1. Looking at 31, 24, 74 in this structure, which one is crowded, with 21+ Cβ neighbours inside 10 Å and within 18 Å of residue 109 (Cα to Cα)?
2. Of the conditions (1) surrounded by fewer than 16 Cβ atoms within 10 Å (Cβ to Cβ); (2) modelled with pLDDT of 95 or more; (3) under 18 Å from the mean Cα position of the chain (by Cα), residue 118 fails just one. Which one is it?
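The values are calculated or read from the model by the stated rules, or taken from the named source; none is laboratory data. None of these values were measured; they are calculated from a predicted model. All Cβ positions, even for glycine, are placed from backbone atoms using ideal geometry, and neighbour counts span all protein chains on display.
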């Protein structure tokens, strides 16, 4: 049950929570739990990209998935709803675009980077993950290691899933969502 004192729909200002990080760090688990806890919209870029891949307008570069995500998040923010977005968010350009989405819709932005600082655990997760989006091909451990992932320059909340569970992560994010 959502506490009315922390109900985003009753907040003076919506929050765009962007949860990023390398594949297999726990982003989806945390994002789903956060969205369910607060009963707020959840936008998952992998879902958007997979639908586009199956369509005739497939954009193999992945940019269409992010542009669609920006638009879907903006629509929720204009309604005064907070929204959780989950994506790798690997480069400065996508991070700035999420920031602009929040700013143009008078919303707060909370960047969250999910990491798994234990490489053995991260590899285990990558190799044992189960696909939860039809036809999605998950990256291999080597593809995760080789992925371009730029260092962050923006303020963000860093959550290490090798030392915290998803409930603790949701609590940490929630505490930051409602700071004025």
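1. Selected residue: 31, the only one of 31, 24, 74 that is crowded, with 21+ Cβ neighbours inside 10 Å and within 18 Å of residue 109 (Cα to Cα).
2. Evaluating residue 118 over (1) surrounded by fewer than 16 Cβ atoms within 10 Å (Cβ to Cβ); (2) modelled with pLDDT of 95 or more; (3) under 18 Å from the mean Cα position of the chain (by Cα) leaves (3) as the failure.
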